[in-house]
Each structure stands twice: as C-alpha cells, then as structure tokens.
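**Q** Below you will find the structure I want to go over with you.
Every number here is computed from the coordinates shown, using simple stated rules; none is lab data. This one's a predicted model, so the numbers in the text were calculated from it and none came from an experiment. Reconstructed Cβ throughout: ideal geometry from the backbone, glycine too, with neighbour counts over all protein chains shown.
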Number of protein chains: 2
Amino acid sequence: MAENKLGKQTFIFKNRPKITSACSIVGVKEGQGPLNKWFDMILEEDTFGEKTWEKSESKMLKEAILIALQKSGKNKTEIDVLLCGDLLNQLMSSSFTARDMHIPFIGLYGACSAMTENLLMSSVLVDGDYASNIIAGASSHYCTAERQFRMPLEHGNQRPPSAQWTATAAGVMVITTGKKYESNSPFLKLDDSANLKPPKRICITHGTIGKIIDTGMKDANQMGAAMAPAAVDTILNHFADTGFEPGHYDVILTGDLGLIGKQIAIDLLVDAGFPKEVLDNCYDDCGTMLFDEEQDVHSGASGCGCSASVLSGYVYKKMLQGDINRVLILSTGALLSTISPFQGESIPGIAHAISLEAY
Amino acid sequence: MAENKLGKQTFIFKNRPKITSACSIVGVKEGQGPLNKWFDMILEEDTFGEKTWEKSESKMLKEAILIALQKSGKNKTEIDVLLCGDLLNQLMSSSFTARDMHIPFIGLYGACSAMTENLLMSSVLVDGDYASNIIAGASSHYCTAERQFRMPLEHGNQRPPSAQWTATAAGVMVITTGKKYESNSPFLKLDDSANLKPPKRICITHGTIGKIIDTGMKDANQMGAAMAPAAVDTILNHFADTGFEPGHYDVILTGDLGLIGKQIAIDLLVDAGFPKEVLDNCYDDCGTMLFDEEQDVHSGASGCGCSASVLSGYVYKKMLQGDINRVLILSTGALLSTISPFQGESIPGIAHAISLEAY
C-alpha cells in the first residue's frame, strides 16, 4: 500500500498544500444570482469584448488566472505548472489560455469534474514536492457549451424542465507548498475591520479520485441524475477510506447535480446509511446555489465553471472568514461525448473529491 | 525550489518508478509497417468487430489495458489509478474504456502528447508514494480522427503531401513502485533462449513538462511543423534542467513530427547548439518509424497511438533486450481545436518528455 494513500481511492496530503489565493469570474446572469457578492468579477456582458464565445471563455479563464496570480503575490515565473480544464473540444479555452501564459501546462479533461480533478493533481504535485506553486483552474461558458453539446443559441430551442444551465464562470486557485505560505488576499485587506475574525489559512488535506459510474441513463437532459450515483460513490468511498465520522465536515458540496440530481444523491446516501440529519445540516450542491429560482434556469446550474466559481468565490472566502472550517467538495462530470448518445451509449458519470481545512 | 524538481520544468523521480509491463495494439496498415514484429497485437480489420469507429478505438485501448494488466501479473483491484487520453472529443475512447474498468480514473487531454503526459503524471503518483500500481495509456484511430478533425472517409478527399496519417494504435504501460517490482513479461519468456541477454528492468527517471509554443503556423496540414518548436523547447529545457551531456541518451525520440517536422526539429536543435553528430546518432521520430515510404502516408504517422505504440512496443522491448539503455521520449501534441482555425487562430504545440533507463 502506498504511503500516501488511504483505503481504495483516497490520497492523504501530509504536507497540507495551501490555497494561497483564488479568483472567480462569472457572467451577467450568474452575477444576478444569490452568490454575486462573493465573486471577484462579474462580466458586464458575456462576450467579454471578444468576437467569438470561445475567445470570451478563454479570456475569462486567463483573467481569473492573472487576478489569482496577482493576489498570491507571486510572479508568473514562480509558477511551476498550470493545470486547467474546460468543456470544449480539445480543451480550447485552457489550451489557448496556457499558450499565452508560457507556464508548463497539463490539460485535464473530466467534463464538469475539472476543478477538483485539477486541484487533486495539483495537490499531489505540491504535497510530493514536485512543485512549489501551481495554478489550477476551470471554466465554462453558457454560449460555448450550448452550441457544442446542444444547439446554437440562434436556434432558440426549448429546454426541458430537467435541463441545467451551463454557468458562464471561471474559478482559479493558486496552490503552494506549506513552507513558504503567506496569506496575501486583497479580499481580506478590504474587509479588515475590528469586527472581522482574523483571517484563516486554507489547506487541502485529502483527495479522492472517482471511478466512472454509469447506471444506464441515456437522457442528455438529465445530467444531474446521471452524475448523482458517481458523486455518492465517491462520497461513500471517501468516508470509508478516511474513517471520518459522517459529521466530520461542516459542508459537503457536490458540483452540479442540480435540483433533481441533488435529491437523488440525498436519497442514495440515506439508503446507504448516511445519516439524514447530517446531510440536512451540511450537504448542498453548487448547481442549486448559483441561481435563484426566479432566474428560470430550470434544474439549476452546471458546467466546470459552476463548482469552480462557487469554490473559488463563496466557499474559499467563507473559509477565510472562519465561517466554515472543513469542506468536502466534489466536482461532478458527465463523460458523454457529443456523438456517444447517437451511438446508443449511456452517460458515464464521475466525481473527484477534495477536502479543505481552515486553520 | 521543490525537492523533486530540477531547473524550470523537470521532475526527478528518485524512487525510479518501474514499467512492469506494456502492450501495444495496432491496426492493419500499421501492422504492415517496418515495426510490425514489435507489436503485441495487429488487428485483422480496423473495425475490431465494432459498429462504429469510436467503439473500435475504445475496444483497442481496453484490450491493450487488459493485456498489459495480464502481463504485469497484477489483479485489476491492485491498480490504484487509470490515466488515459486520446484525440476524441470528450476523451470518448478513454472515458468509455474507463467506464468498463471500474478503476479510479483521471482523463488527460494533450492531443498527441497524451502518452508521455500520462506517464509523467503516473510517475509522480508512484514516485511520490500516492499509488503502487498505475495503468497509463493512449490511443488513436485513423477513422475517428479523420472524421473529427478533417473529413469523413466517405468524402474521399485528397491529402496534401505535408499531411500525416493518424495511427490506428494503442499503447499501454503498467507503472509500479520500485519496492515490489518483478519482471513478468511474456515477451521475454517466449524468447528465453541461451542467446538472449538477461532481461533488463526499466524505470522512469525524469519527466519534463512542456510549455505551449505557438509560432503562428495556421496550416492544419502542417502539424509536424507546428509541433517541432515545442519539442525542441522541451528537449533543450530537459538538458538545461538536468545538466546531462548531449550524448547522455542512446535514443531521443519525438512523438509524431513526421518527415517535415523531424527535419525542422533537427535544424532548430543544431541552431541552438545541440551537436549535429549526436543527433545523427540518437535522434528519431516515431512518426517517421511507423510506416514505410511505400505505404503512401505522405509525411509520416501521427496520433496519440503513434508514440504510445512505438514506445510500448518497439522501444520497451528493445530496452528489455538490452539493445537500448537510456531513452528520452517526447510525445508531441498540436492543441488546436476543430473550430479554432475557423476563428483565425494558429496552432499551439506542446511536448512532454520522460526519461527511461534500463538496468
């Protein structure tokens, strides 16, 4: 058994890689949602001044990287590796962002599971002392995702009630080795008043790599239902591997199961013996948090940018303030391709988990 | 500076992760090429009995995984992580293979750089003691790549002389921690005669993560030219980071630069001061090795499966036999998307390097 592995699927990060800074950028609609005060930037228009949606998304990711980098107080040349992922074919947003950054680059594809997939591998690199500073990020854009996975917007097609709204959002974190850690967050400086609790530091303690779970679901408008079993599998394995009590975390968050998938996840977890009262207290889904019901997104938000921005914005800042201490977050991905449904294939789901701790 | 990092882009793997077994499967045309005796399996027809090309590719990758696993003498439940990549949108081959394997899965996208990208991250996981056994693999298929990136085969379009032929091939390696290493290769057992040198063991000693290099090339039929500068950048950084002499390696291999790209790489390396006589002795490109000139593939082979199968077949077995002792191999990727050329974008290139050593 590897020294830094617990049970079947979980890594333990004994050197506790630190999240030195984070940045979240969201689009117009996301900026009108209930979490808007937690984001670093809200776009004035979703084009972000670019001529194509793909370039808009790439610019949003790049901007988030530059802001996170600035907040970290680090120089670009100090960054050892950039790990990014997005939903676009050939990781278009990530690849073209990385081209402009001139930082050694690893691209990961895990559909909407990109953010925790990237953070997991980033934590391994930093914890194992292969890198001192890493930038990990993920993005999605409503307009690029719609035209790639469903219909061009100009088509004006109707969305069924079970459909989710791909978030126009990017989330980026700078992960650094514990040894040289310094909190250097402008967010805290802005709010530095006598009433504020002293700023916390945040580290990544564990990561659980997900297995693909495919329950045979074939409806591409039921992504939450397709991904929920994978999220549940990773959550249960995480607790089995670590031996943590169900109440160990203040917050357990899934990525983008949405309203339907969240309920399925709760049902499956309770069926598996996870205490309902613990879930009632701590469990939520980023896909149900990003938009208000009045915003007419049907079953909630989705996309790599959903969990990436909620984590880099809301969760990270709540942890800095000391409102949340222990978080388990799982970005969730549906690994179907644009042509696999036409070949009769069902939707493979996956979820990777990371544990954050404030101290 | 991180303890396991050398210079700007290179990791050193002090625990020397071992390649316990490997498997290469190639298509009909590849099986008629000059390396055919080195592959573990040659398909009788490129459909591999499946109804769609994507399913054929996925089956080929899965079969290579199962054979490599069998050769390793390990049980599926002993594998900690599966890392795979391919060229298809949403990593269709890898995702659907991973679905059937029930092993924790990380998907990486680096276009044709997938094999060394996967081996690099696998080496980190094993070297850093996060995993004891990992399967790393990559695949490509001429028919899936043509229809996704260029034209459906039925269109019968002409290929310009600079175009390369996407290899129908998969390569897979089982990477294990040094502590429990046992050589268990059926290949060696078959050839076990008094004439054969004692079998070697093979480990991964270094990995160099590539930066994206984009020289403004926009012709999608000139992939080799687009990727050559990235390969050269990674090679030069690898030697600068490690301090190795130019003649350190018996063989330096790039992934799929093809005939044109290979010549560009030689010119750029010589321009940068790399001794021409050393290159003449040790440098080659997998894309120029897989097919004979008579096979009419124009500028050579390409695709994730090209370097994956040449490495897992020819190079690995040559090293086992003791014919080659030190190898630097760089899978090379062109990170353009299917729509980026239509948006006026040039082709970003990347190359990740790993060092293998027989002992």
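**Q** Please state the charge dipole magnitude for the protein assembly as shown, taken about the Cα centre, from unit charges on C-beta atoms (+1 on K and R, -1 on D and E), reported in debye and rounded to the nearest 20.
**A** Details: 62 positive and 84 negative charges, 315 e Å.
Dipole magnitude for the protein assembly as shown comes out near 1520 debye.
**Q** To the nearest 20 debye, what charge dipole does the range A:200-358 have about its Cα centre, counting +1 at the Cβ of each Lys and Arg and -1 at the Cβ of each Asp and Glu?
**A** Working: 9 positive and 20 negative charges, 116 e Å.
With Lys and Arg at +1 and Asp and Glu at -1, about 560 debye.
**Q** Under the rule a/c < 1.5 gives rounded, and otherwise a/b versus b/c splits prolate from oblate, where does chain A land using the Cα gyration tensor?
**A** Here chain A falls in the rounded category.
**Q** Considering only the other residues whose Cβ falls under 11 Å of the Cβ of A:Cys282, what net charge follows from Lys and Arg at +1 and Asp and Glu at -1?
**A** Values: positive: A:Arg326; negative: A:Asp250, A:Glu277, A:Asp280, A:Asp284.
Combined, the nearby Lys, Arg, Asp and Glu give -3.
**Q** Peptide B:326-338: average number of partner chain Cβ atoms within 10 Å per residue?
**A** Going residue by residue through B:326-338 and averaging, the value is 3.
**Q** Taking the Cα centre of each part, how many Å lie between the range B:111-169 and the range A:79-120?
**A** Here the answer is 17 Å between Cα centres.
**Q** Using a Förster distance of 30 angstrom, determine the FRET efficiency expected from the C-beta separation of A:Lys276 and A:Val28, and round it to 0.05.
**A** Once rounded, the FRET efficiency stands at 0.20.
**Q** If you average 1/r across every pair of different Cα atoms in the protein assembly as shown and take the reciprocal, what Kirkwood value do you get, in Å?
**A** 25.1
**Q** While we're on this one: Projecting each Cα onto the charge dipole of the protein assembly as shown (Lys/Arg +1, Asp/Glu -1 at the beta carbon, about the Cα centre), which of A:Tyr283, A:Gly31, A:Ser140 comes out farthest on the positive side?
**A** Going by the Cα projections, it comes out as A:Tyr283.
**Q** Taking 7 Å along the Cα-to-C-beta vector as the label spot, tell me the A:Thr47-B:Asp267 distance in nanometres, rounded to one decimal.
**A** Label-label distance for A:Thr47 and B:Asp267, simple model: 4.1 nm.
**Q** Right, next: So what is the relative contact order for chain B, in percent, with contacts set as C-alpha pairs under 8 Å and at least six apart?
**A** 26
**Q** Please compute the alpha carbon radius of gyration of the range B:201-358, then divide it by the globular-protein estimate 2.2 N^0.38 Å. Two decimals is fine.
**A** Cα Rg divided by the expected 2.2 N^0.38 Å: 1.01.
**Q** Starting from a label point 7 Å past Cα on the Cβ side, list the distances from B:Lys51 to the same position in the other copies, nm, shortest first.
**A** Nearest first, the other copies' label points are 4.3 nm away.
**Q** Measure out, as a whole number of angstrom, how far apart the alpha-carbon centroids of the range B:341-359 and the range B:299-316 sit.
**A** 14
**Q** Sticking with this structure for a sec: How crowded by other chains is A:96-102, given as the mean number of beta carbons from other chains within 10 Å of each beta carbon?
**A** Taking all residues of A:96-102 together, the mean is 5.
**Q** For the range B:201-358, with the dipole built from +1 on Lys and Arg beta-carbon atoms and -1 on Asp and Glu ones, taken about the Cα centre, which of B:Gln263, B:Ile350, B:Ser299 lies farthest toward the positive end?
**A** B:Ile350
**Q** Another question, if that's okay. Just name one of B:Gln70, B:Gly178, B:Cys84: the one whose Cα is farthest towards the positive end of the charge dipole of the range B:17-180 (beta-carbon charges, Lys/Arg +1, Asp/Glu -1).
**A** Farthest towards the positive end: B:Gly178.
**Q** Taking only complete DSSP H runs, can you tell me which helices of chain A stretch 15 Å or more along their own long axis by Cα positions and average at least 1.0 on the Kyte-Doolittle scale?
**A** The answer, listed by residue number, is A:258-271.
**Q** Can you give the longest run of chain A that contains no GluC sites (Glu not before Pro) sitting in a DSSP loop with at most 16 other Cβ atoms inside 10 Å? Please report the intermediate quantities before stating the final value.
**A** Working: sites that count: A:Glu3, A:Glu44, A:Glu45, A:Glu50, A:Glu182.
With a cap of 16 other Cβ atoms within 10 Å, the longest stretch comes to A:183-359.
**Q** How far is B:Asp280 from itself in the other copies, in nm, if each label sits 7 Å out from Cα along the Cα-Cβ line, shortest first?
**A** Result, one decimal in nm: 8.1.
**Q** Moving to a separate point now. Need one value for B:9-17: mean number of C-beta atoms belonging to other chains within 10 Å of its residues' C-beta atoms.
**A** Shielding by partners across B:9-17 averages 2.
**Q** What value, in deg cm²/dmol to 500, does the helix sum -39500 (n - 2.57) over DSSP H runs of n ≥ 4 give at 222 nm once divided by the residues of the protein assembly as shown?
**A** Helix contribution divided over all residues of the protein assembly as shown: -9500 deg cm²/dmol.
**Q** Let me ask another. Using only Cα atoms, locate the centre of the range A:1-76 and the centre of the range B:4-49, then give the distance between them in Å, rounded to an integer.
**A** 35
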